[in-house]
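The next block holds one structure in the form of structure tokens; read it before the comments.
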Amino acid sequence: MANFDTLSAAAIAAGVKAGDFSATEVARAALDAIEARDGEVQAFLQTSAELALEAAAATDAARAAGEELGPLAGVPMAYKDNMHLVGTRTTCASKMLYNYESTFTATCVQRTLDAGATPVGKANMDEFAFGSSTESSAFHPTCNPWDTTRVPGGSSGGSAAAVASGEVPLSLGSDTGGSIRQPASFCGVVGMKPTYGAVSRYGVVAFGSSLDQVGPFGRSVTDVALAMNALVAGGRDHLDSTSQEVPANFLDGLEDSVEGMRVGIISALMEHEAVTDEVRKGLEAARAALEAQGVEVVEVELPNMTSAIAAYYVIGPSEAFSNLARFDGVRFGYQEPNCTTLAEQTALSRAHGFGAEAKRRQMLGAYLLAAGVYDKYYYPAQQVRTLITDDYRRAFECCDAILLPTSPTSAFHFGEISDPTQMYASDLFTISNNIAGNGGVSVPVGLGSTSGMPIAAQLQGPAFKDHTLLRMARALERSIEEAGLAKPGTVAPAFAGKGGEL
Amino acid sequence: MKKLQEVLRDWEAVIGLEVHTELTTLETKMFCDCRLSHDDEPNTNVCPVCLGMPGALPVPNRKAIESIVMAGLATNCEIQPRSYFYRKHYFYPDMSKNYQTTQGPVAFCMYGHLDLEVTGQGAKERPDSTVSKASDGSYVAPIRILRIHMEEDAAKMVHVGGTEGRITSAAESLIDYNRCGTPLIELVTEPDLRTPEEARLFMEKLRQTFLTLGISDCSLENGSMRCDGNVSIRRRGTTEFGTKTEMKNINSFKSLHNALEYEICRQAEVLEEGGIVYQETRHWEPSKRRTVVMRVKETADDYRMYPDPDLAPFDLSDEFVERCRARVPELPDAKRDRYINDFGLKRADAAQIAGDPATATFFEQAVATVKDKVVPTVANVVVNLVPATKAVTSAQVASLSSLLAADAITFAQAREVLEVIDGTTMDPEKIVDERGMRQSTDTDALSATVEEVLARCTDQVRQYKEGNKKVVGFLVGQCMKASRGTGNPKLFNQLLRERLEA
């Protein structure tokens, strides 16, 4: 037949259901593709062949028994390595958790398994999700499948690269300040950060609890919608008290016309010095593509958006300091040998278990929450949060979604950005979304004229209107395809067809 | 050192209490489904949440919130419509996440009060005239409650080897996480208490209240109710607070009283000798009846408190609060007043019975079957005889009290009967009859005995008539002897007096 990387997740599930091929055959193809491609891409920290084949066999057995198969039947999936899956280690790409075996399975992972997915492995990431390039992984970097001298973005770089290189059709990542959308943009795939609360965080190692949100990567909006259905199926997760009921079926009306709907643009943002010409052009193409679908473009304002990074680097590190306090080498994870006191063991386990960026963020958080400092930073940051949320509320009074770049640049080279604050700026257009809690999705709009690397547009929607947001994203994708700029389902050319024959 | 009463003539003590109460009557922990139990094998009631495993999230225990709201209502607090959980950070293995989930500036319950009735010897501890005292010296002290907040308990640690059971010198330290995450409510009083007796009474009243609510077993011995006492002293007539010390290891009402008494006297001695009281935590040593320094607080600990992003703000609806209010049973003070008004009980008896829910229930069961005029006798038996027994039923007490009230047996005989029937199902009437204890109330027969005794005790009769009325006791004794104990002493007394006064 064909190489499995030519199939969408939807096509795989349909094929398995129809008996065109078995889930086991698909699993073997995926493992084969990973074997052939991951030496170069290094998207995975760990593959789980045994789990994959077991799950696939179970799917095949269910089909043989005449049972109804789930919407992700036989679809190979990769999971960011901050998500627990029993039978795998969950390392968060940190020496601190180098040997940590998952003791339970995260709700988001379990829901994809319940939908019939085949778990093929755990994807690389920035250590504890601190970063925008996956370079801070304690184990190895991940390469951008479009140009292996460049980063895949981050922090969910492994999840994005695995999908872009055709190793899997779907993966999960987590997005605290842009960690799904930015790598999706860099790797030319679709990445969605749902509204905060739409997907359970239970079993995902926390970075910034009020910002973190799990979402899918796919090579098309349809596949992302398919994955979203699985993630919200079963309703509110009673194990995550911040999770909410999301009733929408994201495939319903996905192809419907968006004519007459309105998309907001923020002209001033496009003038930002960090935005490259090719990104600006990509966004113009996206705007034209939406207009071609009958979407009305209106000018909106998010006046406090420029304060989002400042607020984020107060709230994020404060929560990170607190969430990472439990890594003390006492009960699990890296434990410094030969210590004589508890204080020494705690201090040295943390000093040697965490990498530089993880330490930087925790120290920042410890400072920001200190008595006397808290009132000067944390409290105003929360006030800024309210202002940004209000900005969005006002903006969405006159549009259904806001169109903006995902990242100011396309994928950069390894080592190109060494100044942390410059790295932080790469989240310029994604962070305000996490601050306000509403949904955002990154859609490829073609290759950059200068870099030849994928460029993406980002659509942000009102909270809990992720269904409409995906419909708008699908319209954009369709229109971009019609314009001949990018084709849904595209695998990075260098890897397409390498291993993975089905 | 000077005696307390002497010290308190010159100095005024300012005492505040912090009382921790474990909600032992709940079935599960504060933020997870683990069973609450102190007796199980170590580390058997644990899960990812209470062990602070990465990726685990807290879900609040609704019943614990109901309990604290009931506690607030019973102590006249204002129930806050919105409050938050906070994270309080400190690195120590007894708190698995290295932060404790507790409440911030706004607790579920704020600004309550309890009124203490201070009577008898205890009232003498307070020599000042800032409270209005009744003719017998008793007074009412209104004690304000600052707040009651909800939090989770820490794990239990045992330090093996070394000295003082401290971690610094231990050969090994063992942690039992069964207790970790136990729902705990902390009540903080305003510094309104002025004597150790008031502090003791406050604790006692609080315990009675919580027992009546059924929210805890309130065992000071087992540590399900724990109390820290803060005390400072100042010259009478001044209003500035002195430097306070904090008393730990108080595991009985007596310890609370004695530790505060010692500490007040110690501080007075230090100050009178020109010394300085340091702000420090002191450990009460009951065997040596003294407090010793545990640690000196040079600077305030920085716990980096901030709102827990895993737990949404709590909005308590009026309906929720009203449902809790409906579940608050009759409280000890109201019960006491009802006993006095409806049953004509003595205040002390009424307060003692009403103060203990088990005793009150027993008492009410017993009085349900007796005639109204027997009720005070039931109270008398319940207060004075029942505590010495192991297992008597309310029916037995009702029957016995009826015999007593009818003067069929003496109080001494009642005690004897109780000893016999304790732990059996025997009816007191039967014992009384079998043993021929029933006393004659046949006035004619008793009068004959009286005549006979008066005829032979001419000396005593003369003494009585000369004004020595006490001699009637001897004559009653003679009558009892003559009737071989079958005559009712009260009746003999009455008949003798009638004859002698005639």
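The values are calculated or read from the model by the stated rules, or taken from the named source; none is laboratory data. Small disclaimer: the values here were computed from a predicted structure and weren't measured. All Cβ positions, even for glycine, are placed from backbone atoms using ideal geometry, and neighbour counts span all protein chains on display.
Residues that are at positive phi, within 14 Å of chain A (Cβ to nearest Cβ) and part of a loop (DSSP other than H, G, I, E, B) are absent from region B:19-33.
When only residues in region B:81-92 that are assigned to a loop (DSSP other than H, G, I, E, B) and over 28 Å from B:ALA334 (Cβ atoms) count, which is farthest from the other protein chains (Cβ to nearest Cβ)? Once the filter is applied, the top-ranked residue is B:TYR84. When B:PHE210 is tested against (1) free of Cβ contacts under 8 Å to residues at least 60 places away in the same chain; (2) in contact with a Ser or Thr (Cβ under 7 Å, 6 or more places away or on another chain), exactly one condition is not met: (1). A:THR149 meets all of the listed conditions (1) surrounded by fewer than 24 Cβ atoms within 10 Å (Cβ to Cβ); (2) among the hydroxyl-bearing types (Ser, Thr, Tyr); (3) within 14 Å of another protein chain (Cβ to nearest Cβ) but one, namely (3). Of the helices (runs of 4 or more DSSP H) lying entirely inside region B:393-463, the ones with 3 or more residues being closer than 26 Å to B:PHE474 by Cβ are found at B:411-421, B:443-456. Among residues of region B:350-363 that are charged (D, E, K, R), none has a Cβ under 8 angstrom from a residue that is outside any helix (DSSP H, G or I) at a sequence gap of 6+ or on a separate chain. Scanning region A:237-266 for residues that are touching a residue at least 40 places away in the same chain (Cβ under 8 Å) and within 14 Å of another protein chain (Cβ to nearest Cβ) yields a total of 6. In region B:269-320, the qualifying residues are those that are acidic (Asp, Glu), surrounded by 12 or more Cβ atoms within 10 Å (Cβ to Cβ) and away from chain A (no Cβ under 13 Å), and the one that is nearest to A:ALA320 (Cα to Cα) is B:GLU280. Mind listing just one residue for me: the one in region B:219-256 that is among the basic types (Lys, Arg) and over 20 Å from B:TYR278 (Cα atoms) and, of those, farthest from the chain's Cα centre (by Cα)? Out of the qualifying residues, it is B:ARG236.
Among residues of region B:34-63 being farther than 30 Å from A:MET83 by Cβ and either of a type in the set (S, T, N, Q) or in a helix (DSSP H, G or I) (or both), the one that is nearest to the other protein chains (Cβ to nearest Cβ) is B:LYS63.
Residues of region B:131-143 that are without any contact (Cβ under 8 Å) to a residue 24 or more places away in the chain and surrounded by fewer than 17 Cβ atoms within 10 Å (Cβ to Cβ): B:VAL131, B:SER132, B:LYS133, B:ALA134, B:SER135, B:ASP136, B:GLY137, B:SER138. Take A:ARG331 and decide whether it is within 14 Å of another protein chain (Cβ to nearest Cβ), in a helix (DSSP H, G or I) and basic (Lys, Arg). No; evaluated as a whole, the condition is false for this residue. Where the second residue is charged (D, E, K, R) and not in a loop (DSSP other than H, G, I, E, B) and the first is under 11 Å from A:ALA356 (Cβ atoms) and in contact (Cβ under 8 Å) with a residue 40 or more places away in the chain and lies in region A:125-138, which pairs have Cβ atoms under 6 Å and are six or more apart or on separate chains? Close Cβ pairs satisfying both conditions: A:PHE130/A:GLU357; A:PHE130/A:ARG361; A:GLY131/A:GLU357; A:SER136/A:GLU127; A:SER136/A:GLU357; A:ALA138/A:LYS95; A:ALA138/A:GLU127. If the condition is being of a type in the set (A, V, I, L, M, F, W, C), crowded, with 20+ Cβ neighbours inside 10 Å and under 23 Å from the mean Cα position of the chain (by Cα), then region B:321-347 contributes only B:LEU345. Taken over region B:379-392, the criterion of being in contact with a Leu (Cβ under 9 Å, 6 or more places away or on another chain) and either part of a helix (DSSP H, G or I) or over 23 Å from B:THR486 (Cβ atoms) (or both) is satisfied by B:ALA379, B:ASN380, B:VAL381, B:VAL386, B:ALA388, B:THR389, B:VAL392. Consider B:SER216 carefully, then state whether it is buried (at least 18 other Cβ atoms within 10 Å of the Cβ), modelled with pLDDT of 95 or more and either assigned to a loop (DSSP other than H, G, I, E, B) or within 22 Å of the chain's Cα centre (by Cα) (or both). Yes: the conditions hold for B:SER216. Quick check on my filter: what residues within region B:93-129 are within 14 Å of another protein chain (Cβ to nearest Cβ), of a type outside the set (A, V, I, L, M) and crowded, with 16+ Cβ neighbours inside 10 Å? Result: B:PRO93, B:ASP94, B:SER96, B:LYS97, B:ASN98, B:TYR99, B:GLN100, B:THR101, B:THR102, B:GLY104. Go through region B:249-289 and give me each residue that's among the charged types (D, E, K, R), assigned to a strand (DSSP E or B) and over 18 Å from B:ALA13 (Cβ atoms). B:GLU285, the sole residue that qualifies. Listed conditions (1) crowded, with 19+ Cβ neighbours inside 10 Å; (2) more than 14 Å from chain B (Cβ to nearest Cβ) are all met by A:ARG280, apart from (1).
If a residue has to be within 13 Å of chain B (Cβ to nearest Cβ), in contact with a helix residue (DSSP H, G or I) (Cβ under 8 Å, 6 or more places away or on another chain) and charged (D, E, K, R) to count, how many in region A:297-328 make the cut? Summing the residues that are within 13 Å of chain B (Cβ to nearest Cβ), in contact with a helix residue (DSSP H, G or I) (Cβ under 8 Å, 6 or more places away or on another chain) and charged (D, E, K, R) in region A:297-328 gives 2.
Filtered by the rule that a residue be in contact with a helix residue (DSSP H, G or I) (Cβ under 7 Å, 6 or more places away or on another chain) and either touching a residue at least 60 places away in the same chain (Cβ under 8 Å) or part of a loop (DSSP other than H, G, I, E, B) (or both), region B:111-123 gives B:LEU114, B:LEU116, B:VAL118, B:GLY122. One residue stands out in region A:346-356 among those that are more than 9 Å from chain B (Cβ to nearest Cβ) and surrounded by 19 or more Cβ atoms within 10 Å (Cβ to Cβ): the one that is farthest from the chain's Cα centre (by Cα), namely A:SER349.
Checked against (1) crowded, with 24+ Cβ neighbours inside 10 Å; (2) within 14 Å of chain B (Cβ to nearest Cβ), A:GLN382 passes all but condition (1). Per this entry, A:THR340 is not counted among residues that are within 28 Å of the chain's Cα centre (by Cα), free of Cβ contacts under 8 Å to residues at least 60 places away in the same chain and more than 8 Å from chain B (Cβ to nearest Cβ). Comparison of B:ALA379, B:ALA350, B:ALA354, B:ALA358 shows that the only residue that is surrounded by fewer than 16 Cβ atoms within 10 Å (Cβ to Cβ) and of a type in the set (Gly, Ala, Ser) is B:ALA358. Considering region A:195-227 alone, what residues qualify as being away from chain B (no Cβ under 11 Å), in a strand (DSSP E or B) and not small (Gly, Ala, Ser)? Scanning region A:195-227 gives A:GLN213, A:VAL214, A:PRO216, A:PHE217.
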